[in-house]
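Working notes, beginning with the structure itself.
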Amino acid sequence: MAESSLRTERIPKKFAATDVLKTFGWPKSSHQKIVAMRYNAKFRKVAPTADTVLTEPADFSFPRLNPKEYKELKDRLDNRQFVHAELVKFREALEAQYKKKETNRKAIETALEQYGKHVANGNVLAERCAKDLKACGVQGSALDFSMRRADAWQKEYEARKKKFANDEIDDEERAWFKKTVKENKAAEAETLKEILIQIVLIVKAASVMP
């Protein structure tokens, strides 16, 4: 429900809505717009403007995310969509290589390095979100998983490069590629799940924004 994206505060006597909104990071230009929102119909009977000083305590509602936090929420969605796209590209690159008798090891190594960098960048946003679970919901698990797997894949590939001097893939190495692709698909599914959660959070937040 849209109400889950709202915060309700009890404003004491001799204070105004604008006092609360400033505390939670809302710019002055939005204060009266929030008072005018449908969810504050009852509050307006007590205080018709954001600057009206209350003569009695009253409940006042406003979006849980202020404009800065709302932008960060949308940025995290963009990031997760980017990470998901990188997961797909990486998996497709591996699938194309292990199906061949001989493979371009340099192409796989480059894919691993690029993928690791993208996930590392994405993890910065995931950590930021983890600090405010109330606003963001459950986030970051797929990114953390992806980063750990990218690191493990890179180390294992480096070890295999030393073992296999030529470009021919044997059955053991082909099995490793297949296993890696399977794990990558699992990471894709988890990241897509987080994308859908993020979209729902954004839609709910948007429904209560002034």
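Computed quantities for the displayed model
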{"item": "Any chance LEU65 is under 23 Å from ILE199 (Cα atoms), in a loop (DSSP other than H, G, I, E, B), out of contact with any strand residue (DSSP E or B) (no Cβ under 6 Å at 6 or more places or on another chain) and touching a residue at least 12 places away in the same chain (Cβ under 8 Å)", "result": "yes"}
{"item": "Failed criterion for GLU56 (all others in (1) out of contact with any strand residue (DSSP E or B) (no Cβ under 7 Å at 6 or more places or on another chain); (2) in a helix (DSSP H, G or I); (3) over 18 Å from LYS204 (Cβ atoms) hold)", "result": "(2)"}
{"item": "Residue check for PHE43: in a helix (DSSP H, G or I), touching a residue at least 12 places away in the same chain (Cβ under 8 Å) and out of contact with any helix residue (DSSP H, G or I) (no Cβ under 6 Å at 6 or more places or on another chain)", "result": "yes"}
{"item": "Those residues of region 47-86 which are at pLDDT 90 or above, open to solvent by less than 60 Å² (accessible area, probe 1.4 Å) and hydrophobic (A, V, I, L, M, F, W, C), in sequence order", "result": "ALA47, ALA50, LEU54, ALA58, PHE60, PHE62, LEU65"}
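The values are calculated or read from the model by the stated rules, or taken from the named source; none is laboratory data. As the structure is a computational prediction, the values presented were derived from the model and not from experiment. Note that each Cβ is placed from the backbone with ideal geometry, even for glycine, and that neighbours are counted across all protein chains shown. With ligands, DNA and RNA removed, areas are computed over all heavy atoms of the protein, side chains included. Shrake-Rupley method; radii C 1.70, N 1.55, O 1.52, S 1.80 Å.
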